[in-house]
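**Student:** Take a look at this one; I'll ask things after.
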Amino acid sequence: MRSFSKKLTHFSLYTLIFGNPLKSQNAEEHKVGILASIPIFGSSIISSQGYSVDEMLYVLVALGAIGFAQVSKVSLGVILLLVSIMLVYRKAIQKYPKGGGSYTIAREFLGVNYGLLAGAGLTLDYILTVAVSVSSAVENITGVIPWLATTPNHKVVVIVAIIIFMTIINLRGLKESAAVFALPVYFYLFSVLALVGVGVYKIVVFGVDPAMITPPIATPTHALTLFVVLRALAGGTTALTGIEAISNGVAAYKAPAQKKAIMTLFVLGVIVAVGLSGLSFLASKYHIIPTPHNTVMNQLGLIVYGQTIMYYMLMVCSALILVIAANTSFAGLPILLNLMARDGYAPRYFKNLGDRLVYDKGIWLLTIIGILLVIIFKGDTHLMIPLYAVGVLIGFALTGIGLAKHTLKLKDRNWLGDFVIFSFGGVVSSIIFVVFLITKFREGAWIVAVILPAMMIFFQHVHTVYEIEKDAIHPSAADIEQFTNRIAEINHRRESSDLSEYRNKSIVPVFDINKVVLKALLYAFESTPLVTAVHVASDMERAEKLRKHWNESNIGIELEIIESPYRAVIKDIIKYIDQLESDLRWTSITVVIPEYVPNKILQNFLHNQTGQLLKLLLLLRKNIYVTSIPYHPPTMSKVD
């Protein structure tokens with residue numbers, strides 16, 4: 001019965017929703033292959049090819065009949081840009097096996113500020129992808145479910161519920177999200193490619209039925225100019241949204257990871273090229289005029305399929321793929337924030353893997369901000385769309401220019417071809433970004449000019465704070481010597497004492513050797529000689545480095561390393577405390593928590609606050625005493 005009760009404690013609502021924790025050593029088993037990665041990293045780019053034709057036509061229909069003749073040419077320009085960007089990210093995947101997209105390349109080859117600009121742009125793009133994709137999907141089904149259209153609050157509730165559902169699925173791990181979303185994604189691919197194939201076949205064999213042609217605009221309202229073509233090209237680049245995520249997520253692939261990531265990139269490139277060129281060709285032949293409530297996909301579906309089961313499957317899958325498109329952001333943003341946190345430009349807790357071997361803090365951040373945007377804009381995609389795709393264009397531009405600069409500097413074998421390809425992608429993306437910003441400025445794109453610099457300042461501030469803290473708590477050789485001398489003095493004073501007289505055991509959770517830890521250890525040792533420093537290790541290689549440093553520094557206090565296969569620091573410390581509490585030698589256990597206190601209270605959010613949570617959980621334990629040892633760093637100016 002006791003064993004059964006113990007098992008029941010592990011069965012909780014949390015594990016029911018999010019699944020059982022996964023061991024670090026099993027990480028390779030939960031990585032993905034090419035077929036599984038397409039729904040994870042490719043859902044955004046797969047979905048965007050559908051409405052990118054609409055974005056081109058919104059500009060080109062103003063040219064009248066001439067505009068329809070330009071659709072295929074503009075889509076060819078988008079495909080050429082796609083090929084260039086694919087080759088750019090292929091190089092990025094080869095160079096950075098652990099993941100490194102626009103942020104890493106721009107930072108390394110163009111400088112820190114350009115890297116932060118790329119990071120800010122992509123962060124904005126990922127967040128907006130969630131808000132826009134899910135909102136658009138719900139808007140598309142308001143005709144089928146009128147209840148959603150009766151009040152904006154109903155629509156917002158449904159959008160928020162879908163985002164929460166996406167969050168739960170992604171928190172369960174990569175393989176779980178791939179399994180859930182694979183079928184709708186592949187059904188959508190089949191229905192779109194079948195639409196293109198059947199449509200092109202009918203035109204080639206039977207020609208175009210004049211009765212099916214939508215009448216074009218009678219009088220052109222614009223002349224064909226380079227700027228108009230660039231505007232249409234800018235609209236078409238929405239078909240490229242999400243391709244960045246693969247280069248960041250290389251580490252999520254099974255071995256050989258780089259080869260599989262590159263193959264996925266190639267497969268997605270072919271899918272987008274075929275789908276975009278085919279849909280553009282059909283739209284130009286049938287003179288499709290898109291409207292917010294009658295998309296190109298819907299009109300072509302009726303023309304090619306009629307009201308058959310294939311048409312309804314296309315429409316259902318089109319709605320589902322808009323929801324699933326958000327999955328790319330749930331996979332991409334946490335990895336991007338992890339890379340930035342490793343460099344010290346994002347809060348450190350974004351480096352930590354969650355229970356299910358995903359960067360859960362990044363997923364939660366995406367969920368919270370995505371929901372806030374939906375609530376603020378009431379799920380209106382028209383208000384959010386001007387900001388959409390701006391970040392990804394910045395990423396394309398900086399990646400291409402960065403690699404072009406690097407190639408020109410090295411001049412390796414066959415460097416000229418790479419230089420031309422990288423430069424083309426970087427320059428064209430830059431031009432399109434400027435055009436997009438100008439044409440959408442009054443519609444809300446001006447906000448980008450405010451948000452991106454603000455985000456860059458935030459990232460730089462985070463880095464500055466961490467640099468100041470690192471300098472403030474790093475112990476010098478003199479600090480270590482002073483600590484060991486003090487420990488020796490205390491030991492000398494206690495030479496005549498009988499250790500069995502001490503009934504209080506003290507433990508000090510430690511992550512590294514620094515001034516904060518030394519202060520807590522000294523306090524604990526002055527109270528009792530029965531002190532153990534405890535390090536919970538999710539990375540045993542790093543733990544062994546700590547042990548080596550500990551011994552070399554002659555700390556003089558026992559260090560115990562607890563292996564944490566599930567990366568559950570709090571849970572493992574409490575389990576260790578439970579074992580100590582059951583030892584009859586001790587009447588009480590004191591947990592001495594080293595606590596870094598920032599000079600500014602708002603900087604607390606940059607820390608995990610593990611100590612605060614541990615104190616809270618131990619509050620009601622009768623024989624456990626908790627002591628916080630605060631370390632107040634000296635007031636310092638910005639690090640040189």
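**Student:** Please note which helices (runs of 4 or more DSSP H) are completely contained in the stretch 331-445 and include at least 3 residues that are of a type in the set (Phe, Trp, Tyr).
**Tutor:** Hits in the stretch 331-445: 415-439.
**Student:** Among the candidates Thr104, Thr123, Thr142, single out the residue that is at pLDDT 90 or above, closer than 24 Å to Ile324 by Cβ and either within 20 Å of the chain's Cα centre (by Cα) or in the same structural domain as Leu233 (by TED's automatic domain parsing) (or both).
**Tutor:** Thr123
**Student:** Within the stretch 296-330, can you find the residues that are under 28 Å from Ala161 (Cβ atoms) and not in a helix (DSSP H, G or I)?
**Tutor:** The one that is under 28 Å from Ala161 (Cβ atoms) and not in a helix (DSSP H, G or I): Ala325.
**Student:** Looking only at the stretch 500-514, decide whether some residue is touching a residue at least 12 places away in the same chain (Cβ under 8 Å) and assigned to a helix (DSSP H, G or I).
**Tutor:** Looking for residues that are touching a residue at least 12 places away in the same chain (Cβ under 8 Å) and assigned to a helix (DSSP H, G or I), one finds none in the stretch 500-514, hence no.
**Student:** Going by what's in this entry, would Leu110 be described as surrounded by 24 or more Cβ atoms within 10 Å (Cβ to Cβ), among the hydrophobic types (A, V, I, L, M, F, W, C) and within 18 Å of Phe459 (Cβ to Cβ)?
**Tutor:** Values: surrounded by 24 or more Cβ atoms within 10 Å (Cβ to Cβ): no; among the hydrophobic types (A, V, I, L, M, F, W, C): yes; within 18 Å of Phe459 (Cβ to Cβ): yes.
No; evaluated as a whole, the condition is false for this residue.
**Student:** Hey, does the stretch 75-82 have a residue that's hydroxyl-bearing (Ser, Thr, Tyr), under 24 Å from Thr129 (Cα atoms), under 24 Å from the mean Cα position of the chain (by Cα) and assigned by TED's automatic domain parsing to the domain that holds Val130? Give the derivation first.
**Tutor:** The first filter runs over the stretch 75-82 and keeps only residues hydroxyl-bearing (Ser, Thr, Tyr), leaving 75.
Within this subset, residues satisfying the condition of being under 24 Å from Thr129 (Cα atoms) are 75.
Applying the additional criterion that residues be under 24 Å from the mean Cα position of the chain (by Cα) yields none.
For the stretch 75-82, residues hydroxyl-bearing (Ser, Thr, Tyr), under 24 Å from Thr129 (Cα atoms), under 24 Å from the mean Cα position of the chain (by Cα) and assigned by TED's automatic domain parsing to the domain that holds Val130: absent.
**Student:** Between a residue in the stretch 355-384 that is in contact (Cβ under 8 Å) with a residue 12 or more places away in the chain and any residue that is among the small types (Gly, Ala, Ser) and outside any helix (DSSP H, G or I), which pairs come within a Cβ distance under 7 Å, given they are 6 or more apart or on different chains?
**Tutor:** Going by the 7 Å Cβ cut-off, the qualifying pairs are Arg356/Gly19; Arg356/Gly173; Leu357/Gly173; Val358/Gly173; Asp360/Gly354.
**Student:** Kindly establish whether Asn554 is at positive phi, of a type outside the set (Gly, Ala, Ser) and in contact (Cβ under 8 Å) with a residue 40 or more places away in the chain. Reasoning before the result, please.
**Tutor:** Details: at positive phi: yes; of a type outside the set (Gly, Ala, Ser): yes; in contact (Cβ under 8 Å) with a residue 40 or more places away in the chain: yes.
Yes; evaluated as a whole, the condition is true for this residue.
**Student:** Applying the selection to the stretch 47-70, what residues are assigned to a helix (DSSP H, G or I) and out of contact with any helix residue (DSSP H, G or I) (no Cβ under 6 Å at 6 or more places or on another chain)?
**Tutor:** Restricting attention to the stretch 47-70, the residues satisfying the condition of being assigned to a helix (DSSP H, G or I) are 47-63, 65-70.
Within the stretch 47-70, Tyr51, Leu57, Tyr58, Ala62, Leu63, Ala65, Ile66, Ala69 qualify.
**Student:** Same structure, new question: Can you tell me which residues in the stretch 410-435 are surrounded by 19 or more Cβ atoms within 10 Å (Cβ to Cβ) and closer than 15 Å to Leu398 by Cβ? Give the steps one after another, and end with the answer.
**Tutor:** Looking only at the stretch 410-435, we keep the residues that are surrounded by 19 or more Cβ atoms within 10 Å (Cβ to Cβ), and these are 418, 421-422, 424-426, 428-429, 432-433, 435.
Residues satisfying the conditions are Phe422, Phe424, Gly425, Gly426, Val428, Ser429, Ile432, Phe433.
**Student:** Evaluate the following for Ile593: is it assigned to a strand (DSSP E or B), within 31 Å of the chain's Cα centre (by Cα) and either not small (Gly, Ala, Ser) or not assigned by TED's automatic domain parsing to the domain that holds Asp355 (or both)?
**Tutor:** So Ile593 does not fit the description; no.
The values are calculated or read from the model by the stated rules, or taken from the named source; none is laboratory data. Since the structure is predicted, the reported quantities are computational estimates derived from the model, not experimental observations. Virtual Cβ from ideal backbone geometry, glycine too; neighbours counted across all protein chains shown.
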